[in-house]
Structure formats: C-alpha cells, structure tokens
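Right, one structure below, let's go through it.
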C-alpha cells in the first residue's frame, strides 16, 4: 500500500502543479487582453465623446480583449483530480467568466465617470473664460458628443502623420529629387 499511495500522491501533485500553471496562464492572458482592449477603446474614442460612449467603448473593449486573451490561452484541461477547482477556474477565467464581465463593467463605469468629470471641468473652464456663456451652451459642453472619432488620439495621430508625409513629399518634389 505504501508504494501505491506514493504513486497516487505523485500523480495528484503533478496534476495540481499543471492546473495551477494553466490557471496562471489563462489569468495572465485574460488580463493582458483586457488591458489592450481598454487601451484600444480609449484610443478610438474622442476627447469630447459623451460619457456613455466612452463607458460603452471602454467596457466593450475591455471585455472583448479579455475574452480574446482567455480564448488564446486555451482551456484549463482535463484530469482525474480537482474537478471542482477546474470548474471554478473555468467559470472565473473563461471567455464569459467573472473576470471578464467584472473587468468590463468596472472599466465602463470608471471611464464614463472619468469622462463626465473631465467634461464638467472643461465646461467650467470655458464658462470662466466666457462669462456670457448661456446655460444651454454649458450643458452641451458638459454632455459631450456621441462617438467623436475626429477628436480621438488615433485620428489626430493619423492627420499628423499624413501631414508630415505630404510635407516630405512636397519638399522632395520642390527640390527636384
């Protein structure tokens, strides 16, 4: 019996180590995906986008990035032992797992609230610069616009790159090269 129990203990230990390794990998890739998804959503939304639009984009980007990262990391796997722990890890770290859903909701609320505070700050600064500003104009500024891709960092970077490429082309053309 001593030999059989030592073999069993070795198998249990090896499976536990493999399960922990797969869980860490899935958690890491889900986290990386959520981060990149949130960053992509931030880059695509504009600086004066409405808080609901920023929140929606951040939440959706975070959730989708986490789902892709979790999917890319693969399944937790099969085994003889730790069935309950496997199910729990899959429920928490899976594509539609708690980590992705909670991360997406948290990103949406945080980004929406942050955007609303920034818009209110900008509207108050504009009101200080122009004391004759109407209440309706103040409300419009503090509400923001829907999705404002033209004011997004991606759009501004694209315009800057296009302008510098055009300038380099015209400089070259004018110099006769």
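General observations
This table checks each residue for (1) touching a residue at least 60 places away in the same chain (Cβ under 8 Å); (2) touching a helix residue (DSSP H, G or I) at 6+ places or on another chain (Cβ under 7 Å).
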residue	(1), (2)
12	yes, no
16	yes, no
19	yes, yes
34	yes, yes
43	yes, yes
58	no, yes
65	no, yes
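- Only one entry in 69, 112, 38, 97 is in contact with a helix residue (DSSP H, G or I) (Cβ under 9 Å, 6 or more places away or on another chain) and closer than 22 Å to residue 157 by Cβ, namely 38.
- Test for residue 23: is it crowded, with 24+ Cβ neighbours inside 10 Å and in contact (Cβ under 8 Å) with a residue 12 or more places away in the chain: no
- When the helices (runs of 4 or more DSSP H) confined to the stretch 76-177 are screened for residues that are surrounded by 11 or more Cβ atoms within 10 Å (Cβ to Cβ) and at pLDDT 85 or above, those reaching at least 3 such residues are found at 98-129.
- Summed over the stretch 46-75, residues that are within 12 Å of the chain's Cα centre (by Cα) and either surrounded by fewer than 23 Cβ atoms within 10 Å (Cβ to Cβ) or assigned to a loop (DSSP other than H, G, I, E, B) (or both) total 5.
The values are calculated or read from the model by the stated rules, or taken from the named source; none is laboratory data. Computed from a prediction, not measured in an experiment: that's the story for all the values here. Neighbour counts are summed over all protein chains in view; Cβ atoms, including those assigned to glycine, are modelled from backbone coordinates with ideal geometry.
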